[in-house]
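Structure, as structure tokens:
The values are calculated or read from the model by the stated rules, or taken from the named source; none is laboratory data. Bear in mind the structure is a predicted one, so any value in this text is a computation, not a measurement. Don't worry about glycine lacking a Cβ; one is built from the backbone with ideal geometry, like all the others, and counts go over all protein chains shown.
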Amino acid sequence: MTTPGPFDDDADRDRIPTQAELDAEDLAEIARRSKDSDLSGRYPARPVDPGPPPVALVRDARVVWAIAAVACLAWVVYGFANLSWLEGLMAERLQPGLQNVPGVDPGEKAASMASFWTPALLVGIPLFTALGYPLLVGTARAHSRNLRSIYLSVITVTVLFTVVGADLLFHYPEVSASLRVLAWVQCGVLVLSALITLRRPINEWLPKSMAMKPFRRASGG
């Protein structure tokens, strides 16, 4: 009769693992699960079928944007119809601030600045306003949180430029206050459109943010 050797298969199979070995296996399993959980948290999977976009995104936000576009179009048409007159008003407004600038003809410089900024504002603000619509459509079609973020940024820039532009273009006693009212209506409605895209149904429909979570540092002495 032979005695089982130290490398015998039956002997290894019948051997009871020590407590240290069991603890090591448990710790390894915990570490593996923790790593898998961290990875899934940092890189959430996109849903395969998000379903139809919310009505607030495909209808409400676009309707509100359209109201802002109409208000913008109204004061832009007025501005181009009275372009020379508005340039003269802006030049008169800018000229006093150029009186003490050395080596500059205040009248000529003011006229030059007005001839640039008046059409620039009348063209630039509508372009930024128009840019919002394809971003709204793209957010719904591409199921993209990033496009929604770009839309919010464009709206912020548009509102800031509209506030400044309306003051430079229309804040004169000779110009009807209704033009500035239209510009402020445009700003308010654009802000409302942006707020609509932040509603809970839209946030829940859009994919989760892909921003990586900070790595945890191992504590140690």
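Some notes on this structure:
- Only one of 160, 192 that is modelled with pLDDT of 95 or more, under 17 Å from residue 67 (Cβ atoms) and assigned to a helix (DSSP H, G or I): 192
- Restricting 11, 56, 31 to those that are of a type in the set (A, V, I, L, M, F, W, C), out of contact with any strand residue (DSSP E or B) (no Cβ under 8 Å at 6 or more places or on another chain) and at pLDDT below 70 reduces the list to 11.
- When residue 17 is tested against (1) modelled with pLDDT of 70 or more; (2) of a type outside the set (Gly, Ala, Ser); (3) in a loop (DSSP other than H, G, I, E, B); (4) closer than 30 Å to residue 191 by Cα, just one condition goes unmet, and that condition is (4).
- Only one of 151, 172 that is farther than 17 Å from residue 58 by Cα and either assigned to a helix (DSSP H, G or I) or hydroxyl-bearing (Ser, Thr, Tyr) (or both): 172
- Options 117, 65: the member that is assigned to a helix (DSSP H, G or I), under 19 Å from the mean Cα position of the chain (by Cα) and not β-branched (Val, Ile, Thr): 65
- Options 91, 142; residue that is closer than 30 Å to residue 62 by Cα and not hydroxyl-bearing (Ser, Thr, Tyr): 142
- The range 69-95, subset in contact with a helix residue (DSSP H, G or I) (Cβ under 8 Å, 6 or more places away or on another chain) and more than 30 Å from residue 191 (Cβ to Cβ), residue surrounded by the most Cβ atoms within 10 Å (Cβ to Cβ): 91
- Filtered residues of the range 111-139 (kept if among the small types (Gly, Ala, Ser) and within 16 Å of residue 153 (Cα to Cα)): 124, 130, 132, 138
- The residue that is nearest to residue 67 (Cα to Cα), counting only those in the range 175-186 that are without any contact (Cβ under 8 Å) to a residue 40 or more places away in the chain and either part of a helix (DSSP H, G or I) or touching a Gly at 6+ places or on another chain (Cβ under 8 Å) (or both), is 184.
- Candidates 103, 51, 97, filtered to the one that is part of a helix (DSSP H, G or I), at pLDDT below 95, farther than 23 Å from residue 157 by Cβ and of a type outside the set (D, E, K, R): 97
- Qualifying residue in the range 126-135 (condition: farther than 20 Å from residue 66 by Cβ, among the aliphatic types (A, V, I, L, M), surrounded by 17 or more Cβ atoms within 10 Å (Cβ to Cβ) and out of contact with any Gly (no Cβ under 9 Å at 6 or more places or on another chain)): no
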